[in-house]
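The values are calculated or read from the model by the stated rules, or taken from the named source; none is laboratory data. It should be emphasised that the depicted structure is a prediction, and the values quoted were computed from it without experimental measurement. Cβ placement follows ideal geometry from the backbone for every residue including glycine, while neighbour counts extend to all protein chains displayed. Please note that ligands, DNA and RNA were not included when accessible areas were found on the heavy atoms of the full protein model with its side chains. Shrake-Rupley method; radii C 1.70, N 1.55, O 1.52, S 1.80 Å.
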Amino acid sequence: DGYRKLLGIVLIGQTELKHLFNEGQNVDMREVIRRVQVAEIRGLNGHLADYLACKFKRIGKDPAEVFAPDAYDALGRRLTSTSRDGKSKISHAYPLLVNNYVARAMNMACEMGETLISAEVVMAI
């Protein structure tokens with residue numbers, strides 16, 4: 001804007017951080033809260049295979065050599081919960097959690113003597 005310097009700060013955090021920007025609960029932070037724009041990223045459910053294909057492509061590995069076809073659906077179910085009212089599903093398939101579950105699934109498959117991560121392996125976590 002003209003010759004004035006502009007400063008922008010991006011905060012990236014877990015969903016709990018969003019609750020700190022509630023002006024009704026944190027009145028003393030209202031000047032900051034009114035200048036904040038919140039953008040929420042939804043879970044990866046429905047796109048787990050694409051996400052993992054991208055991750056494995058970075059290391060030059062074909063995901064079909066690691067995952068059985070039924071593993072993606074099982075991982076999606078494992079990372080989905082039902083809301084308290086029981087009416088809607090809540091996805092917890094965020095990249096960090098997906099990465100952690102995949103690492104645990106690879107370790108579990110090894111312990112079980114499996115060559116691929118299958119739905120059975122994912123549900124055993």
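Meeting the requirement of 2 or more residues that are among the hydrophobic types (A, V, I, L, M, F, W, C) and open to solvent by 60 Å² or more (accessible area, probe 1.4 Å), the helices (runs of 4 or more DSSP H) wholly within the stretch 34-125 are 95-112. Sub-6 Å Cβ pairs linking a first residue in the stretch 32-43 that is without any contact (Cβ under 8 Å) to a residue 60 or more places away in the chain to a second residue that is outside any loop (DSSP other than H, G, I, E, B) and polar (S, T, N, Q), at least 6 apart or interchain, are 43/91, ordered by first then second residue.
Looking at this structure, is residue 48 farther than 26 Å from residue 125 by Cα and either within 21 Å of the chain's Cα centre (by Cα) or hydroxyl-bearing (Ser, Thr, Tyr) (or both)? Before you say what the answer is, go through the steps one by one.
Working: farther than 26 Å from residue 125 by Cα: no; either within 21 Å of the chain's Cα centre (by Cα) or hydroxyl-bearing (Ser, Thr, Tyr) (or both): yes.
No, not satisfied.
If you go through the stretch 20-33 and keep only what is open to solvent by 70 Å² or more (accessible area, probe 1.4 Å) and part of a loop (DSSP other than H, G, I, E, B), you end up with 20, 25. Scanning the stretch 91-119 for residues being more than 21 Å from residue 62 (Cβ to Cβ) and touching a residue at least 40 places away in the same chain (Cβ under 8 Å) gives a total of 4.
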